[in-house]
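Asks: Before I ask anything, here is the structure I am working with.
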Amino acid sequence: MKTVKKRVRTRKGLKEYTYLGCPLTRNRTPWCFRLCVPDGEGSGHCGRIAPHGFKGRIQSGIERHKKKLGVHFQKLENMYVSAPTNECCEAGIRVSEGEAEIVLSLQQKFLDAAGSVDTAICFKAMNDAASFAVNSLVTDCLISTSNFNICFARPRVSGELVARGRFMASSGGHYMAEAVLTDSKGEEIGRGNGAFVKNRVPLSPEIGYRSPAAPPRRR
């Protein structure tokens, strides 16, 4: 006997478990092609939870770590800018993981009798950039310079000083970092490298280590 198949229609439309397939590939296979970008709730274009939108413990831990480091970088930048020795220099700083960049606008008081930038200013810019590059990886205390050697290539500049520091390695409680100093045109002025150690001074709001929006704590 021949079986007769009937089409069943409902007034409520499709049921929740009805599989619609991928709207991008128009394929009705039961697996996800991972082509769409999930929305804020993790749902794909098909309306279901996207398998590739799930985050494992490792990925979630990495995101939390990066978010924590981002706050640490902001606090370091605020600490540098609010320091009395840097307020008069009008210096700017940007800290990232293992790196730091300091921009210093040249002023008349930074020049020597010959019209060249004082070597002390160049040393400070490179030393600070290397020091904060190390401090970007240290979140519990301040970093101090153990020794720092510099070499100049072209002392007379104009415009801005840009010092870029980079963490290199660590060994026996010492952190090694280097820094390159250039002018606003990118021409190298000098470079330096040295060793840094942990200071006994903890990173706290009392020394300016706080978010820019946070008011200073009264002593």
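Every number in this text was worked out from the coordinates using simple rules, so none of it is lab data. Nothing here was measured: the structure is a model prediction, and the numbers come from that model. Neighbour counts run over all protein chains shown; Cβ positions are idealised from the backbone, glycine included.
Asks: With +1 on the Cβ of every Lys and Arg and -1 on the Cβ of every Asp and Glu, and nothing else charged, how large is the dipole of region 69-207 about its Cα centre, in debye rounded to the nearest 20?
Replies: 220 debye
Asks: Near the amide H of GLY98, under 5 Å away, which other amide H atoms are found, from residues 5 or more places off or on another chain, if H is placed in the peptide plane?
Replies: Here SER136, LEU137 satisfy the definition.
Asks: Let me ask something else. Kindly state, as a whole number, the per residue volume in cubic angstrom of the convex hull around the alpha carbon atoms of region 69-207.
Replies: Enclosed volume per residue, from the Cα hull, is 102 Å³.
Asks: Which FRET efficiency, nearest 0.05, do LYS185 and ARG94 yield, Cβ-Cβ r, R0 25 Å?
Replies: After rounding to 0.05, the efficiency reads 0.85.
Asks: Rank-order 160-171, 135-146, 104-115 by packing density, defined as the average count of other C-beta atoms within 10 Å over each peptide's residues, highest first.
Replies: Going from most to least packed, we get 160-171, 135-146, 104-115.
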